[in-house]
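Worksheet: the structure to be examined is printed underneath.
Read-outs throughout are calculated quantities, based only on the coordinates presented, and are distinct from any laboratory measurement. Computed from a predicted structure; not experimentally measured. Cβ: placed from backbone, ideal geometry, glycine included. Neighbour counts: every protein chain shown.
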Amino acid sequence: MNQENKRSILVGLFVLIGIIILVLGIMTLGGQQKKFVKAIHVTAVFDDIGGLQPGNNIWFSGVKIGTVRKINFFGDSQVEVEMNVEEKVVEFIRKNSKATISSDGLIGNKIIVIYGGTTDYPSVEEGDRLEAVMPLDTDKMMETLQENNKNLVDITNDLKVLTGKIAVGEGIVGAVMTDSTLGVNFRTILSNLERASTNSNNMLADLADFSNKLNQEGTLANDLVTDTAIVPDLKATLKGLRLTSENVQVLSKEFSTITDKLNSSDNSLGLLLNDPDFAKSLKKTMENADSASYNLNKGMEALEYTWPFNKGFKRKAKAEGGN
């Protein structure tokens with residue numbers, strides 16, 4: 001075999017290998033693009049496709065089910081996207097399913113995601129149009145992110161200023177963190193609070209013990225709570241006390257009336273107690289009566305020795321002596 005024949009054979013081998021690689025590439029790309037599988041065509045109309053291109057993937061529940069077939073302008077400013085969807089998954093996609101544009105990863109290629117749908121709707125068919133849901137605008141998301149970053153920087157600067165003031169002892173927090181006296185006082189307050197908490201727990205325990213004692217049978221409190229026979233007696237006692245109180249009030253009013261009359265001079269007893277002139281006159285009358293009684297006694301003694309009554313007194317004295 002001469003040199004020329006060897007070169008021809010090598011060229012043929014390289015061509016064959018190239019053809020094989022080309023076929024494999026075509027088969028691989030065709031498999032990825034779903035070119036060699038049975039599919040139906042469905043569409044969705046978007047206001048903005050955000051860089052979506054023909055050949056981008058279509059996903060349903062995390063599974064690749066087709067590719068973007070064609071992109072056409074629709075209406076005034078909308079875009080119609082034609083999609084190839086494998087027939088074997090058509091039964092799972094319903095006519096009320098929705099389509100939205102997403103990204104394959106954070107900065108990956110654009111894809112279409114089909115989601116939703118309920119079993120009370122039939123499966124999609126050739127030429128059906130799915131409801132399009134506009135995705136979040138990346139530019140607006142970036143603007144919001146930048147605004148949030150700006151706010152975060154402002155918050156960081158404010159925190160820096162605040163921590164600086166705290167470090168030099170400004171404000172209440174700074175004073176508490178830098179002044180040792182305040183720290184001691186704060187610990188004292190905490191100690192007092194702990195002591196108060198302990199006392200409260202002890203008081204609650206005492207109340208619980210007292211409550212248990214009240215619930216013991218045979219005690220007055222337990223009888224008052226549980227013995228229904230005591231209730232009528234208590235009601236009767238309270239009624240009697242109420243009547244007694246009412247009587248006391250009536251007596252108090254009457255006693256007040258009597259006192260008012262005693263303090264008045266329009267009656268005899270009040271006149272005796274309150275009129276000084278009447279008191280003087282009464283005293284003088286009593287003195288005169290006493291004097292008259294004294295003179296009467298003297299007169300009676302003198303009468304004993306007068307002649308007309310002398311015999312009578314003697315007979316009386318003799319009769320009393322004889323007895």
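The figures follow:
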read-out: The range 60-86 - residue that is surrounded by 14 or more Cβ atoms within 10 Å (Cβ to Cβ) and among the acidic types (D, E) and, of those, farthest from V133 (Cα to Cα); value: E86
read-out: Filter result for the condition that a residue is on the phi > 0 side of the Ramachandran plot, touching a strand residue (DSSP E or B) at 6+ places or on another chain (Cβ under 9 Å) and either assigned to a strand (DSSP E or B) or crowded, with 16+ Cβ neighbours inside 10 Å (or both), over G117, G51; value: G117
read-out: Counted residues, the range 55-76 - those being out of contact with any Asp or Glu (no Cβ under 8 Å at 6 or more places or on another chain) and either in contact (Cβ under 8 Å) with a residue 60 or more places away in the chain or of a type in the set (F, W, Y) (or both); value: 2
read-out: The one condition in (1) surrounded by fewer than 18 Cβ atoms within 10 Å (Cβ to Cβ); (2) over 43 Å from the mean Cα position of the chain (by Cα); (3) not in a loop (DSSP other than H, G, I, E, B) that G108 fails to fulfil; value: (3)
